Structure formats: structure tokens, C-alpha cells
Amino acid sequence: MLNRRRFILSKLKLKGLCYCRLVSTQTNVGEIEVPFSNGTTLKLSTGRYARFADGACVATLGNTSVLATVVAKAKAGAASFLPLVVDYRQKAAAAGRIPTNFLRRELGPTEREILTSRLVDRSVRPLFPQDFTSDTQLACNTLAVDGTNPPETVAINAASAALALSDVPWHGPIGAVRLGQIENELIVNPTRRELERSSLNLVVAAAGGNLVVMLEGGAKDVLQQDLLKAIKLGAKEAQHVVRAIERLASAHGKRKREYAPPPHLPGDVADALRALCTMKIREILSDFSHDKTSRDAALAELRQTAVAQLRDAGDPALLVDCFNAHLRQTFRDLIFETDVRCDGRALDELRKINCEVSLYEPLHGSALFQRGQTQVLCTVAFDSPDSALKLDPLTAITSGTKEKSFFLHYEFPAYATGEVGGARGAGPARREAGHGALAERGLAPVVPHQPYTVRLTAEVLESNGEYSSRTPAPPHPSPGCADCADCAPPAGSSSMASVCGGSLALLDAGVALSAPAAQVRRPAEDRKESLPVTEELAVEPHERARLLGPAGINLKRLYVETGVQLSALDERRFAVFAPNAAALEEARARLEGWLSAERAPDLEFGAVYTARVVELRDCGVMVTLHAALPPALLHNSQLDHRKVQHPSALGLAVGSEIHVKYFGRDPVSGQMRLSRKVLTAPPPGTPRNLDRSLADWVCLQLGAGRREDQEACQQSALTTSYHQHMKL
């Protein structure tokens, strides 16, 4: 138990600035409720959990609770940007579940966790001071999930409250709400079941004064006026959260820390750099004959020359940062002054677009979309319903979706920007998962339900990225910034190009989109030979055993040899998926053969059957009782009452028919237990004479078999007995 009067004093000197922070472990519990217009209530509490963190808050909506903590280093980092890391984790224990992996514990982040982390990041990042560069980590952990209220907006509000309560510099707070629309009526914070019927799923994060900070969502043909109305309502509802967090921070928050801003160039040196480069930068950006490569090379040469001339006047790294900042500002000023971009295009003019479809015959659908220097290759693959993307149990609980029959995978390899990087075999990065979900959200509403699973891949082959090793802006040195807006190449063009290319590929595959997502041509009219084929197969319940085979061996063999998969729809119907028409014809022949084959009879315990010998072995004979039954072994010990060394001694041969008795199956091996011996009479017994002579007794002991041998044995025994009698 912590001492209620224990204090911790931390002191740090930063270039003459003495920074002291007083941390008290005394319990300072605060709680506040946020009512919304629809009657729902958001609860915010602090001072109970994670008291060593710079700030912590628990947000609860319904029975869904999320704990958000924030910790920032006291010392500023070496980077010229904010190294903010946001981690959102869904704990299986929050839903009363156990992870289904081998270790039965939470492993790497799922796609939903990555998307929620990015959602929280985009909501809070814009309100940090521009010159705050300390390493900052924001962790959001689910404490309880009720399966009714989605936890994304709860996490944003918890993170906002944690930052407002902490001593980390931040120009917040913000509030977040989710909007839905059912029958033209807007719903604030809809439940999971309401979202299933909603035509709109929009998350709005807003600061004080109804200032919108972040928007994310998807819709099904929502009118623009309805969307604007939803944004306005969301910003208004978010003010309830903002005011509540302000009251909570005023009563229980910490005083914001003072921090040393990163070093800057002296004013005279910065002025000299701008005076040296401004005209030349304008000349390069106004030369429409440049393409991206030549323009980047010219700017890089100018930067190197300017830094070399002013090397003695300031730090080269600060000179580079000042040059890049001035370059961005000059680029922006030129556009607003002339209404012309650096490549000569007007503000409403698109780059040159080139599209190709049906690139490779074996593919179900393919398209190449080129816009300027952004190139995306999209392919479509159809597979059986069993190939649908299965979601983890906790995501299924919170989203209400167990599997997805249509999904998009987005890839941004390093070579798209002329870079070297990316571990082979590594999973998709956070940025790839985020922008893949963005493109999927743009296409999913217009893709009709298909009788099979549809996988759309979008691979960026070229990208006119703003930051790469060949452009003026150098990469940031911190490894923690891989997902920040300053370091990642801009994916707005590549993700939207994925939507355009994906629409083309789907139409090339013959998918009749309800509306063209990118205003491109209609679906292909000619059906490709490589497209899959589906149909239903009706099987009576008593025929299922013949169709499946022992342990489903027939279906496994069918998939391996033909690629055809069968999925049970109910007790009488199976869905048949074939990769092409030829495979379906081959599968039909096999299925008809299995279903028309004579059914094996049920054998009765203790019954006598006629068996046909099919093979002779040293240990016995292989016999068959029925054409639909496999051969069974009749062991030598069960052939006759006498000891049999080989079945041929009894005159048995291949094709012989014998009678056997069935005694069920062996409980260990499962083999049939048959016997011929029990159906044959034992050999007659030898008559016994109680007054037999000594000779009979000796012959019996010697085991003589033939009659002449018995007589010889008796004669020998009598002779021996006579000699013994004479001696006596």
C-alpha cells in the first residue's frame, strides 16, 4: 500500500534551465459524467490507476471501459519532430475470453488494434506544440468490453483526458463521438447492432469552439448535406466532452511542464540562408520542364551548396532543417500566388492518367493504374467461402463481424520510392494496414455479395513520395517515427489510386459494382475461362457417408487433385466451388461415382457369411465379404482346429469360397474379426482303453502317427519289457 504522504522529487538541468517536477502518490481520485443529447453518458475517472504515469484516465461508455496513460521523457529528443507513439491494445480478458493462440496470451497487434491506434494518433497529434520533441508514449488498454458500445471513441476520449490531466504540453482537450444514420435520422454513439443497420459510420473529433480536428468514417451513398449535418452534430456533441475534461483537469490535473525548445539558427544566419536560396528555389519550382527526379536533384544541389557556404556560421544540421522549412514555405507561397503547381498544372487539373486491364490471362481480374508518377497494380482472386478472412474473437465481439468475404490488402514496398528496406517475410506495417483499410472502406459498399470470397490486392509500384533518400528532406533519425506524418511517404495518392485500380480490377473480373467508385468503365461482358464456378449439390442424409468417405478423405482428395472445395450449407445441401469450369466437370464425375457406388451392408454380429479368397499369405488368407467392403485377414489360427502352417495345406486357393463367422471389429485396430474354425467340427477323439498294455502307453508317449509305426513301437516295447522281466 502506497504511503499517502510520500513525495518524489525529480530534478533535471537542461542548458541552464532547472526543471523540477513534484510527483505525489497521495490518492487524488476524481470522476465526472458527460451526458449526451441522446441520453447516453460517458464517465471519466482519474487518480485510481497508474499513478506513476504522467497522466491517466479511465473512460467508460455503457460497460465498455478504456484506460489511457501518457508518459513523456523530460529531456527533449534529438529529432526535429514529435516522436509520439500510440499503442491501443484489446485485452481478451476484457471480454471474458482467453486468446486462442498456442501460448494463450496476447501477441502482436491485430489489424483492428493498429487502426484504432492510428485513429487516436491522428486525433491528438495536431494539438502538440510544434517545438515539443520529447519522446512521448500514449497507451490505451481495454479494461472491459460489453459488446454493445464500440471502444474506439472511448479510447480517444480517455487519451484526451489523460493528456489534459498530465503535465505534458498539449493544446487540448478534444472530444470524440460516433455518428450513425438510420432511416435519415442521425444517431449519436450508436450501438453495435445499430451500426449494422446504419448507412453512416462516422467518427468526429473536435476541440473547443466546434473546431474539427479529425474525421474518419464510411458510408453507403449518403448525401453531402446529410454528411455535413452529421459533422456539425458531432462537433456540437464533442463540446460536452471538452468542457467536462476541462473541469476534471482544473480540479485534478497537473501543471504543464516547462520544456526547452530545440535549438534554432540565429536570426541573422537564417536570414542569410533565405536570402541566398529564395530566388533560386523559386526558379527551380517555376521551371515546368523539370520532372520529379530532375527537380529533386536541382534542389538537393542547391541545399548542399547553401549549407557549404554557411557551414562556419551555424550547425549544418540546423542549416538543413532551416533550408527544408524555407523550401516548403516557398513552395506553398508560389501555389497561392500563381494558382499553378510546380509541374505547370492548375489547381483543378489532374495529372496524366493511364489505365490498363486484363494484364495476365490466368488472373481472375487485374488492372494497372498510373497517375503521374504514382503506379498501382491491382489483382482480384476468387476462392471458396471457406477462405473468408476470419477475425479474432474480441474484434468479432466489438465489431459484430466474424468474417469478411471481401477484403483489400495494400502493399507499399521500399522499391516504390527507390529505397532499400523492409524485412523479408515481415507483416504489413502500420501505415500499410491503415491505408489498406482506407481503400477497402471506399470499395466495400459498392461490391455486391458474391458466392465466394474476393481478395483484392493493391501493390504500389511507383510513388511520387515527398520524402525519400533522393529528395531534399532527409529521413528523421529516430526509429520511433515510422508511423508519423512527417516521416512516412504521403499515401493519399497511392491509397486513392488503389481505389481506382481496384475498381478496374473488380470490373475486369466481372464483378457488377453497384456504382463505380472511381467513375471508370462497366464490368467485363465476356466471361474469362479462369473465373471460378459455383453450384449447389443436394445430398440426402443417408448418402453423406458415401460422399465424405472415412474421416472426410473423399473431400480432401477432391481438393488436392482438382482444387474443388465442398462446404456444407445444411443437412441436405453442399456448396461446390471450382477454380474453373474444367475442374468442375472433373469433380462432377467423381462425385457421381461416389454417390452411385453400392453402399456397404451392415454386418451382423455372429452371422455366417460367404467369403471369397483374394490372396494367400503365410499368416492367413485375405477374404472379401462384399464388393463395397475392403479385404479382411483370416488368420491361420482361425482356419482350422488343427495347427496350420500355410493356407495351401487346406487346399485353399485364390477364388475359393468359404464360410466364415463375423465377430465384430477389433476395438484397437478396427479390423474385422472372422473365423472359419468355429464352423468346422473338431477331429474325432481316439478311443481310450483303461487296460492298455505297456506298449500302448509307450507309443502314446512317443506320439507315433502311422499304424505301421505304432506296430513297430509296440513290438519294441514288448521286447524291452521281456528283457526287463528276465533280468528280474
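The values are calculated or read from the model by the stated rules, or taken from the named source; none is laboratory data. Since the model is a prediction, treat every value here as computed from it, not as a measurement. Positions of Cβ are generated from backbone atoms using ideal geometry, with glycine treated the same way; all protein chains shown enter the neighbour counts. Please note that ligands, DNA and RNA were not included when accessible areas were found on the heavy atoms of the full protein model with its side chains. Shrake-Rupley method; radii C 1.70, N 1.55, O 1.52, S 1.80 Å.
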Worksheet, complete the sentence: Result for region 267-338: accessible area per residue, probe 1.4 angstrom, in square angstrom, of 57
Worksheet item: Just the accessible area per residue of region 358-430, please: how many Å² with a 1.4 Å probe?
Response: 50
Worksheet item: When the accessible area of region 533-595 is split by element with a 1.4 Å probe, what percent falls to carbon and sulfur?
Response: 55
Worksheet item: What accessible surface, in Å², does a 1.4 Å probe find on ARG105, ignoring ligands, DNA and RNA and rounding to the nearest 10?
Response: 140
Practice prompt. Go through LYS220/LYS292; LYS43/LYS91; LYS91/LYS232; LYS229/LYS254; LYS404/LYS556; LYS236/LYS402 and tell me which ones have a Cα-Cα distance over 27 Å in this structure.
Written response: LYS220/LYS292; LYS91/LYS232; LYS229/LYS254; LYS236/LYS402
Response to the item:
Result for region 503-613: accessible area per residue, probe 1.4 angstrom, in square angstrom, of 58
Worksheet, complete the sentence: Under the Karplus relation with 6.51, -1.76 and 1.60 and θ = phi - 60°, whole-Hz ³J(HN,Hα) for region 404-410, x at Gly and Pro, equal 10, 8, 10, 8, 10, 10, 10
Discussion item. Apply the Karplus curve 6.51 cos²θ - 1.76 cosθ + 1.60, θ = phi - 60°, to the phi angles in region 548-555 and return the couplings in whole Hz, x for Gly and Pro.
Written reply: 6, x, x, 6, x, 5, 5, 5
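Take the solvent-accessible surface of the protein heavy atoms, probe 1.4 Å, and return the percent of it on region 28-163 that carbon and sulfur atoms account for.
Here it works out to 51 percent.
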Practice prompt. Would you kindly state how much longer the chain becomes between ALA607 and GLU592 on full extension, computed as 0.36 nm times their sequence separation minus their alpha carbon distance, in nm to one decimal?
Written response: 2.1 nm
Item to complete: First compute the accessible area of region 186-316 with a 1.4 Å probe, then give the percent of it belonging to carbon and sulfur atoms.
Response: 52
Worksheet item: Of LEU163, THR60, ASN101, which is farthest along the charge dipole of region 28-163 in the positive direction, counting Lys and Arg as +1 and Asp and Glu as -1 at C-beta?
Response: ASN101
Worksheet entry | Listed residue (SER384, CYS355, SER366) projecting farthest to the positive dipole end of region 350-395, Cβ model | CYS355
Fill in: Eligible lysines near LYS677 by straight Cα distance, threshold 30 Å, same-chain separation 8 or greater
LYS643, LYS661
Discussion item. Could you derive backbone 3J(HN,Hα) for region 210-218 from the dihedral phi with the Karplus parameters 6.51, -1.76 and 1.60 (θ = phi - 60°), listing whole Hz in sequence and x where the residue is Gly or Pro?
Written reply: 6, 8, 6, 9, 8, 10, 8, x, x
Response to the item:
Extension length gain for GLU337 and GLN645 (0.36 nm per residue less Cα distance), in nm, is 100.1 nm
Response to the item:
For ASN101 and VAL654, extending 7 Å from Cα along the Cα-Cβ vector and measuring point to point gives, in nm, a value of 5.7
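Test of the criteria: in region 549-625, which GluC sites (Glu not before Pro) are in a DSSP loop and have at most 12 other Cβ atoms within 10 angstrom of their Cβ?
When the GluC sites (Glu not before Pro) of region 549-625 are filtered for loop state and at most 12 Cβ neighbours within 10 Å, GLU571, GLU598, GLU604 remain.
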Response to the item:
Taking 0.36 nm per residue of separation between ASP312 and LYS292 and subtracting their Cα-Cα distance, the length gained on full extension comes to 4.1 nm
Discussion item. Given points 7 Å out from each Cα along the Cα-Cβ axis, report the ASP348 to LEU223 separation in nanometres with one decimal.
Written reply: 2.4
